[in-house]
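The structure appears below as C-alpha cells.
The values are calculated or read from the model by the stated rules, or taken from the named source; none is laboratory data. Quick caveat, the model's predicted, so the values are computed rather than measured. Every residue, glycine among them, receives a Cβ derived from its backbone with ideal geometry; neighbour counts consider all protein chains shown.
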Amino acid sequence: MIKIDTRQEWMSLLAKSPKGVLSTLVDALGAAPSFSWLRAPEIGGVMVRGRAGGTGAAFNMGEMTITRCTLKLEESGVVGHAYVQGRDKDHARNVALVDALLQTERAADIRASVLTPLAADMTTRRNTRAAKAAATKVDFFTLARGED
C-alpha cells in the first residue's frame, strides 16, 4: 500500500490520481465547501529534468503541460494547492480542494473516503502493470558455452 502520512505524500497521490476516480470520490463527499480562488486554474508548462542512471548529471528531458491553482476555504481560511499533469482545470480544482480539506478537522474523514481508496486504486493499477510487464520477461541464460 502507498504511504500517505505526510502532505508531500498525499499531494503526490492526488496529483497522480486518475481524473475520473478522484472526481467520483470528491462528488461522494457531498456539497463542496465554499472557497475563493487565490490563483484560478491556469495552464502552463514546466521543464522536466532527468538524470542518467538516476545519479548522473542532470539534463533537460523535455517540457510537460501542467495545470495549477490555489484556493482558500471560506469557513476556515485554509489554503489548498494543486499542480497536475495536463490541461484539466476541474482535476486541479479537486486536488486543491482535497488538499485544503485535509488540513481541517475533517482530515480523518477525507483520508478514509478519498486518500485510502485512491491509494488502493493506484496500488492495483501498479500491480496490474507490473504483472503485464512480467509476463513478457525473457530470461537469457547459457547452458553450455561451447569453448571447452
Quiz item: Got at least one residue in segment 15-25 being in contact (Cβ under 8 Å) with a residue 12 or more places away in the chain, surrounded by fewer than 10 Cβ atoms within 10 Å (Cβ to Cβ) and not aromatic (Phe, Trp, Tyr)?
Solution: no
Quiz item: In segment 126-141, what residues are over 21 Å from Leu13 (Cα atoms) and of a type in the set (Lys, Arg)?
Solution: Lys132, Lys137
Quiz item: Got a sec? Which of Asp99, Asp109, Asp27 is of a type in the set (Asp, Glu), under 26 Å from Thr124 (Cβ atoms) and modelled with pLDDT of 95 or more?
Solution: Asp99
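Go through segment 71-93 and report how many residues are β-branched (Val, Ile, Thr) and either free of Cβ contacts under 8 Å to residues at least 12 places away in the same chain or farther than 14 Å from Leu14 by Cβ (or both).
Residues meeting the conditions: 2.
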Self-check item: In segment 36-61, the residues that are over 27 Å from Ala100 (Cβ atoms) and among the charged types (D, E, K, R)
Solution: Arg49, Arg51
Quiz item: Among the residues of segment 1-21, which ones are of a type in the set (Ser, Thr, Tyr) and either within 14 Å of Ala82 (Cβ to Cβ) or part of a strand (DSSP E or B) (or both)?
Solution: Ser12, Ser17
Practice problem: Being in contact (Cβ under 8 Å) with a residue 40 or more places away in the chain and under 11 Å from Leu14 (Cα atoms) is the filter; apply it to segment 94-115 and report the residue that is surrounded by the most Cβ atoms within 10 Å (Cβ to Cβ). | Solution: Val95
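Mind checking whether some residue in segment 65-82 is small (Gly, Ala, Ser), under 24 Å from Thr124 (Cβ atoms) and modelled with pLDDT of 95 or more? Show your work before the answer.
The initial filter retains those residues of segment 65-82 that are small (Gly, Ala, Ser), namely 76-77, 80, 82.
Those left that are additionally under 24 Å from Thr124 (Cβ atoms): 82.
Now drop any that are not modelled with pLDDT of 95 or more, which leaves 82.
Among the residues of segment 65-82, at least one is small (Gly, Ala, Ser), under 24 Å from Thr124 (Cβ atoms) and modelled with pLDDT of 95 or more, which makes the answer yes.
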Practice problem: Give segment 116-144 a look and list any residue that's loosely packed, with under 10 Cβ neighbours inside 10 Å and either among the small types (Gly, Ala, Ser) or touching a Pro at 6+ places or on another chain (Cβ under 7 Å) (or both), or say none. | Solution: Ala131, Ala133, Ala134, Ala135, Ala144
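Give segment 78-111 a look and list any residue that's of a type in the set (Lys, Arg) and within 12 Å of Val26 (Cα to Cα), or say none. Outline the logic, then answer.
First pass over segment 78-111, keeping only residues of a type in the set (Lys, Arg): 87, 89, 93, 106, 111.
Result: Arg93, Arg111.
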